[in-house]
Amino acid sequence: MDVNLFDFDLPESQIAQSPMKQRDECKLMVVNRETETIEHKKFHDIIDYLHKGDVLVRNNTKVIPARLIGTKVETGGHCEVLLLKQLDDQKDTWECLCGNAHSIHPGSNITFGDGRLTCTCVKELPEGIRHMQFHFEGIFLEVLETLGKMPLPPYIKKQVDDNNDYQTVYAKVPGSAAAPTAGFHFTEELFQQLREKGVEVVDITLNIGLGTFRPIKVQDTDKHVMHTELFEISEESAEKLNKAKEEGRRIIAIGTTSVRTLEACYGKYGKFVATREDTNIFINPGYEYKAVDALITNFHLPKSTLVMLVAAFMGRHWTLHCYNEAIKNNYRFFSFGDSMFIYGKFDYSKAMDL
């Protein structure tokens, strides 16, 4: 499909620059994809749309301060390094996205801050990707906390005052270069209310890297290749999800990363299994959802893989209509923006309508 089919005009004033003071006070657009109806609510009203027996799936990944500003040892030039994912088979080696990558080759060395952290390029890959081996004393994540910055998206113009503002309240497993932002709107109190109502909460993990936020650079979306990201589903979570499927209960994903984890696993194995593996699943119109019945998500960038994932879930025309309604009603967009809850039965043949 032509990438321009997923474009829309967004006033810059509606790009949220900071989080809500009260997480669950943001706007919530409730979309029934079966009847093509819209309701405008507050996020805490989500409790009225979730029912006893529903399974709410959340990505418990934790953002690390993955953005490092350093100096090239050989030239003295400045260099920015974004940690994407740790490589399991190589000690202290990370896949990184490097600024000024044309001057970083195997053997290049970079030092950060007071020299407590250095790294050496061990492999050169296309599009600015490098494998960097880090050298330090002590615990890597503790060193990173003192030297790294939170990797906020480029459309957010200033650093957050508190790093927890760019985390979900349930963030647990360190390793992401971006947050699963659909989860920002939940509070511990809201989760407690949902559990008391009989909603089951299940954790999975996808460490967010380049696959989630990398822009599409080709005209034909069928030629876009997603970058791989690591996901993990525990034995306990797999059992709960399979039981819900067998009993016909709704599986509701919080965010596109939860969607990609669930669909990657179910699509590969025909059920949910305990696993830790990479995925580069690209969900766009033409894909028929197998695992997820309803979706909580933010409003995404034009022409992004994320808006395509939503379009696959409820149709391109209806997605763009909902986005235009959000713009008219002054919804806030992107990471710190407002939310959608999408539910209802759907004829997936509609998703391909041009």
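The values are calculated or read from the model by the stated rules, or taken from the named source; none is laboratory data. Bear in mind the structure is a predicted one, so any value in this text is a computation, not a measurement. Glycine also receives a Cβ, built like all others from the backbone with ideal geometry; neighbour counts cover every protein chain displayed.
A few points about this structure:
- Of all the criteria given as (1) in contact with an Asp or Glu (Cβ under 9 Å, 6 or more places away or on another chain); (2) under 24 Å from VAL307 (Cα atoms), the one not satisfied by LEU194 is (2).
- Here THR111, THR168, THR75 are screened, and the one residue that is polar (S, T, N, Q) and out of contact with any Gly (no Cβ under 7 Å at 6 or more places or on another chain) is THR75.
- Checked against (1) surrounded by fewer than 17 Cβ atoms within 10 Å (Cβ to Cβ); (2) not assigned by TED's automatic domain parsing to the domain that holds SER176, ILE38 passes all but condition (2).
- Filter pass, ASP24 being outside any strand (DSSP E or B), assigned by TED's automatic domain parsing to the domain that holds ASN324 and over 22 Å from the mean Cα position of the chain (by Cα): no
- Failed item in (1) at pLDDT 95 or above; (2) in contact with a Cys (Cβ under 9 Å, 6 or more places away or on another chain), with MET20 passing the rest: (1)
- Look at (1) assigned to a loop (DSSP other than H, G, I, E, B); (2) among the charged types (D, E, K, R); (3) under 30 Å from ASP45 (Cα atoms) and you find that LYS271 fails only one, number (3).
- Criterion: at pLDDT 95 or above, farther than 19 Å from GLU39 by Cβ and not polar (S, T, N, Q) - qualifying residue of LYS328, LYS271: LYS271
- If you go through the range 1-16 and keep only what is in a loop (DSSP other than H, G, I, E, B), surrounded by 15 or more Cβ atoms within 10 Å (Cβ to Cβ) and in contact with a Lys or Arg (Cβ under 7 Å, 6 or more places away or on another chain), you end up with just ALA16.
- Condition met for LEU50 (in contact with a Lys or Arg (Cβ under 8 Å, 6 or more places away or on another chain) and either surrounded by fewer than 17 Cβ atoms within 10 Å (Cβ to Cβ) or not in a strand (DSSP E or B) (or both)): yes
So that you can scan it fast, the table gives a plain yes or no per residue for (1) touching a Lys or Arg at 6+ places or on another chain (Cβ under 8 Å); (2) assigned to a loop (DSSP other than H, G, I, E, B):
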position	(1), (2)
HIS227	yes, yes
GLU232	yes, no
SER258	yes, no
ILE281	yes, yes
TYR287	no, yes
VAL292	no, yes
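- Only residues that are outside any helix (DSSP H, G or I) and surrounded by 23 or more Cβ atoms within 10 Å (Cβ to Cβ) were counted across the range 316-332, and they come to 1.
- Leading residue by the ranking (modelled with the lowest pLDDT) among those in the range 189-222 that are over 21 Å from LYS240 (Cα atoms) and among the charged types (D, E, K, R): ARG214
- Taken together, the criteria place ALA177 among residues that are surrounded by 14 or more Cβ atoms within 10 Å (Cβ to Cβ), modelled with pLDDT under 95 and assigned by TED's automatic domain parsing to the domain that holds MET226.
- Comparison of PRO174, PRO215 shows that the only residue that is more than 18 Å from VAL57 (Cβ to Cβ), in contact (Cβ under 8 Å) with a residue 24 or more places away in the chain and part of a strand (DSSP E or B) is PRO174.
- Considering the conditions (1) more than 26 Å from LYS85 (Cβ to Cβ); (2) in contact with a His (Cβ under 7 Å, 6 or more places away or on another chain), MET314 is excluded by exactly one of them, (2).
- Filtered by the rule that a residue be of a type outside the set (Ser, Thr, Tyr) and closer than 18 Å to HIS78 by Cβ, the range 117-133 gives LEU117, CYS119, CYS121, GLY128, ARG130, MET132.
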